[in-house]
Structures are given as C-alpha cells and as structure tokens.
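**Q** Structure incoming, see below.
The values are calculated or read from the model by the stated rules, or taken from the named source; none is laboratory data. Every value quoted in this text rests on a predicted model; they were computed, and no experiment measured them. Cβ sites come from the backbone with ideal geometry, for glycine too, and all protein chains shown count toward neighbours.
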Amino acid sequence: MHVKTQGLVLRETNYKEADKILTVLTREGGKRTVKARGCRRKNSPLAASAQLLAWSDMTLFAYRDRLTLNEAEALELFWGVRADVEKLALASYFAEVTEAVAEEGRPDPALLSLALNSLYALDKLQRPLPLVKAAFELKLLCVAGYEPLLDACVVCGRAEPQEPRLDLAEGVLHCAACGLGDGGSRSLDAASLAAMRHVVYGDPKRLFSFALEEAALGRMAAACEDFLLKQLDRGFATLDFYRRLTAYGA
C-alpha cells in the first residue's frame, strides 16, 4: 500500500552500501522508521529528501509494518541552517529532542509545527540563538505534557514573585523566600519570567516575538535547558556538541 504524506527527517543512519534508515516525523502518522533504498547513490532522486532536517512530500510503501521511501520531493532544506555550523548544531539538537518525545505512529501536529517553526526561526529570523533555543525547549515541554505553572508563586500565591525561581523537578514558580527546600531551582527575574510566560501561554505563531537583554536571556536560557533535562531525565549528545562549539567560539 502506498501512503502519501509530508515528513521531517529527524535522524539518518547509513545502511548497507547505498541505503539509509530514516526517523521521520510525518504529518499523518507521527514518528516513523523509513528505509530509503539507494539514496546514497550518485544522482539518486531520493538524496535530497533522505537527509537530516529535510522537509518533503513523500510517498511511502507500507508492507508488513515496514515503510520504504518510494518517491520524495524536498519542500524545504533550510539552507541558512546548513551554511552555519552553530545553527546546524542547534538544529540537530532540536531534531534529537523532538525524536525523544515523539511517539511512534501517533500524529502530533503541535510537535511537528514547533519543530518546523523552530527550524524556520534559525533559518530566516534574525533572532539570537539562545533565545530560539530557550523558546523551543520550553514550548516542547508544554507540547509533551510537562507545561510549568508560571502564573503565580505556588507557595504564597503572589502573581509577581519576589526574586522568582523555577523549581526544576515540580515545574512550579516560587519566590526565593518561599523556597521548596530541595535546592533544585533556577533564578529568574521579571523580564525572563515575562518571556517564559509569553512562550507558555502566548500565541504559538508569535513564539519567538520577544526580546531580552543579555542577563535576562541568560537566566531564561539556563532555566529552560535545565528544566528540559530534568523533566526528560536524560542528556543529548547534540546538546553536548553545541555547548562545546559555542564555548570554543566564545
């Protein structure tokens, strides 16, 4: 049976002499494993679509719970990302995290939209990379069911907490003086908290439409990254590489 869909390649693995095994986030079928036969041969019509971060129209052949890529036409390859090593490293991290939270065979339009919009932001929008990264991490947690409670201090109920902190384990906001006692929290300020509220509660189409000064962005970036790692309870090799790359560049 042939299935027509659109898909974003989240991972590629070379297989045999000329094939690849792809992990694809498809519009209708969610995360799927797809074999791309002969895509590594010179002049293969599948070559462009069978690479990491390619967004394509695809025709898949389904047989005994296995999918093979029969035809594909690349719709977006995000050339602005591929031409910049830091952007490519960050986009690869986005792909790895997206794969980690996506469920096999379950459509997830919100997750697919977030992944594509985040890649577009890296590719086309002139936004600081730490801002795009933090917004992606926080919104991904919301989509995956780990949305933090940022409306008020969970202890005293103050809408604008004094010296606000985000508890990484519980995903709740609290004043510094209303600490939860485990030490697993990250400091915020009024500006970084407002930006995080924009990401969590605002219009997804305006996800990256905010600006922060360097200090506030640093607080937001640290909180979002640590919150994601705590909630997903794992590390990411692509994140480690991105950190090394940006540390070297600094």
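**Q** Take the conditions polar (S, T, N, Q), surrounded by fewer than 18 Cβ atoms within 10 Å (Cβ to Cβ), touching a strand residue (DSSP E or B) at 6+ places or on another chain (Cβ under 8 Å) and in the same structural domain as Ser113 (by TED's automatic domain parsing) and apply them to Ser209. Does it pass?
**A** Judged against the criteria, Ser209 is not a match.
**Q** Please count how many residues of the range 57-71 are modelled with pLDDT of 95 or more and on the phi > 0 side of the Ramachandran plot.
**A** Residues in the range 57-71 being modelled with pLDDT of 95 or more and on the phi > 0 side of the Ramachandran plot: 0 in total.
**Q** In the range 28-48, which residues are of a type outside the set (A, V, I, L, M, F, W, C), under 15 Å from Thr59 (Cβ atoms), modelled with pLDDT of 95 or more and under 24 Å from the mean Cα position of the chain (by Cα)?
**A** Arg32, Lys35
**Q** Residues of the range 103-114 being touching a strand residue (DSSP E or B) at 6+ places or on another chain (Cβ under 6 Å) and within 22 Å of Trp79 (Cα to Cα), which ones?
**A** If the condition is that a residue be touching a strand residue (DSSP E or B) at 6+ places or on another chain (Cβ under 6 Å) and within 22 Å of Trp79 (Cα to Cα), then Leu112 is the only one that fits.
**Q** Filter the range 66-99 for residues that are closer than 18 Å to Thr246 by Cβ, free of Cβ contacts under 8 Å to residues at least 40 places away in the same chain and small (Gly, Ala, Ser) and give the result.
**A** Scanning the range 66-99 gives Ala83, Ala91.
**Q** Of the conditions (1) in contact (Cβ under 8 Å) with a residue 40 or more places away in the chain; (2) among the hydroxyl-bearing types (Ser, Thr, Tyr); (3) in a loop (DSSP other than H, G, I, E, B), Thr23 fails just one. Which one is it?
**A** Here Thr23 clears every test but (3).
**Q** Tell me yes or no: at least one residue of the range 174-186 is assigned by TED's automatic domain parsing to the domain that holds Val97, touching a helix residue (DSSP H, G or I) at 6+ places or on another chain (Cβ under 6 Å) and of a type outside the set (Asp, Glu).
**A** Yes, there is a match, as at least one residue in the range 174-186 is assigned by TED's automatic domain parsing to the domain that holds Val97, touching a helix residue (DSSP H, G or I) at 6+ places or on another chain (Cβ under 6 Å) and of a type outside the set (Asp, Glu).
**Q** Being among the small types (Gly, Ala, Ser) and either modelled with pLDDT under 95 or in the same structural domain as Pro109 (by TED's automatic domain parsing) (or both) narrows it down to one of Ala54, Ala89, so name that one.
**A** Ala89
**Q** Which of the residues belonging to the range 62-76 are crowded, with 18+ Cβ neighbours inside 10 Å and either of a type in the set (Asp, Glu) or not assigned by TED's automatic domain parsing to the domain that holds Thr33 (or both)?
**A** none
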